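To keep things clear, I will list the structure first and then write my remarks on it.
The values are calculated or read from the model by the stated rules, or taken from the named source; none is laboratory data. Every value quoted in this text rests on a predicted model; they were computed, and no experiment measured them. Note that each Cβ is placed from the backbone with ideal geometry, even for glycine, and that neighbours are counted across all protein chains shown. The protein model used for the area step is the full one, side chains on, heavy atoms only, and it has no ligands, DNA or RNA in it. Shrake-Rupley method; radii C 1.70, N 1.55, O 1.52, S 1.80 Å.
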Amino acid sequence: MDSFSATAARMPDLRQATIDHPERFRVLTGERPTGRLHLGHYFGTIRERVRLQARGVETFVVLADYQVITDRDSAGNLRENVHGAVLDYLAAGLDPRSTTIFTHSAVPALHQLLLPFLSLVTESELHRNPTVKAELAASGRALSGLLLTYPVHQAADILFCKANLVPVGKDNLPHVEVTRTIARRFNERYGRVFPEPQALLSDAPELPGLDGRKMSKSYGNAIALGMTADETAAAINRARTDSERAIAYDPDDRPGVSALLETAAVVLGRSPQSIADELGAAGAGALKRLAIEAVNEFLADHRSRLAALTVRDAQEVLRVGHERARDIATATLREVRTAMGMDYTSV
């Protein structure tokens, strides 16, 4: 497997290539629709998708609804979550005329790739995947077949549209490596069909939740993009800080204060330390007021655009995206069957 340092070293040239030759790239990215999208999603992935789209890079965004049940008993409010995510995408600037937005469950041919792909990896390789091990530990559940094969399912997501660029954080690099392995082994065994995709490492900081832990919908510590100004203020005011009057950026010993500093800093385009220096001994109340004002001002335009959209807009985006994704997946599956000698109708 490629090392993180080697991948990181290639990033400047790769980013420049997306600017100079956007037509050479096709991107696949996405998330599980387990709840409302939040600031962490925006700075971690959505903003980068809008930038790639502006450069002219063709992008596919999958809302992986089937993957919602990898670590939970029910799918939850999937319909609401999917529609909400699509509306947030539109409000953030994604254009369905150039970015294909679709859901897992609406593209059957994509999932048929899972069967031949599973034959190209071993059980031990799946068990060694660090993301599978981390997800299993976090879930506290028995290892399901869906979680074990999660990396192979992601490979099908990437390869069904022959994406050659996958934006990821450091923790998800192993998934891209699994996909590269599957593409290479398929091509060696049956003939060249798939590209070996490259990882595009995110340079966005990992924004903590309001309690200092990782920002997560399941922790309830996130600021959703669609929150009202009053909801945002209430969430920030509930955040736990500490009894010290002086404001200091110290994520290890003062996680609550530091999380608020990072939240304000990322939307203001400043460093957490500079904000701490500015506030000095003003106290947690002043920090919370600053964070509320900064976040609400940053999200004002997003909220305005969101208010002008309806569920019908989301449904139309998905109708178009599903049709395009199905056409591409069907064509790719046809290529796979032909390469494997499973096309029984052509001469």
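Accessible surface for ASP203 stands near 110 Å², nearest 10, in the context of the full protein assembly shown (1.4 Å probe).
Only helices enter the 222 nm calculation for the chain: every DSSP H run of n ≥ 4 contributes -39,500 (n - 2.57), and dividing by all residues gives -16500 deg cm²/dmol, rounded to 500. The smallest convex shape that holds all Cα atoms of the chain, its convex hull, gives 152 Å³ per residue. In terms of its Cα atoms, segment 49-92 spans 40, 19, 10 Å along the principal axes, sorted from long to short.
Binning the alpha carbon pair distances of segment 1-50 at 5 angstrom intervals from zero yields the distribution 4, 14, 18, 21, 21, 14, 8, 0, expressed in whole percent. For the chain, the share of DSSP beta bridges that are antiparallel, to the nearest 5, is 10%. The accessible area of ASP242, taken with all protein chains in place and a 1.4 Å probe, comes to roughly 60 Å². Note the angle between two axes, namely the Cα long axis of helix 284-307 and the longest principal axis of the Cα atoms of the chain, as a number of degrees from 0 to 90, rounded to the nearest 10. Relative to the chain, helix 284-307 is tipped by roughly 40 degrees.
Over segment 68-217, the hull volume per residue, using the convex hull of the C-alpha atoms, is 148 Å³. Between HIS41, HIS322, HIS127, the GNM of the chain built on Cα springs shorter than 10 angstrom shows HIS127 fluctuating the most. Going by accessible surface with a 1.4 Å probe and the largest first, THR241, THR100 read THR241, THR100.
Computed from Cα positions, the angle between helix 130-139 and the longest principal axis of the chain comes to roughly 60 degrees.
Shape annotation for segment 131-269: C-alpha extents along the principal axes are 66, 37, 30 Å, from largest to smallest. Lysine pairs in the chain whose alpha-carbon atoms fall under 28 angstrom of each other, counting only those eight or more residues apart or on distinct chains, come to 9.
For ASP277 and GLU206, the FRET efficiency from 1/(1 + (r/R0)^6), where r spans their Cβ atoms and R0 equals 25 Å, is about 0.65.
Computed over protein heavy atoms with a 1.4 Å probe, the accessible surface of segment 59-136 works out to 41 Å² per residue. Seen from a random direction on average, the alpha-carbon convex hull of segment 196-315 projects onto 9.9 square nanometres. Against the chain, whose longest principal axis is taken from its Cα atoms, helix 311-339 shows a tilt of about 40°.
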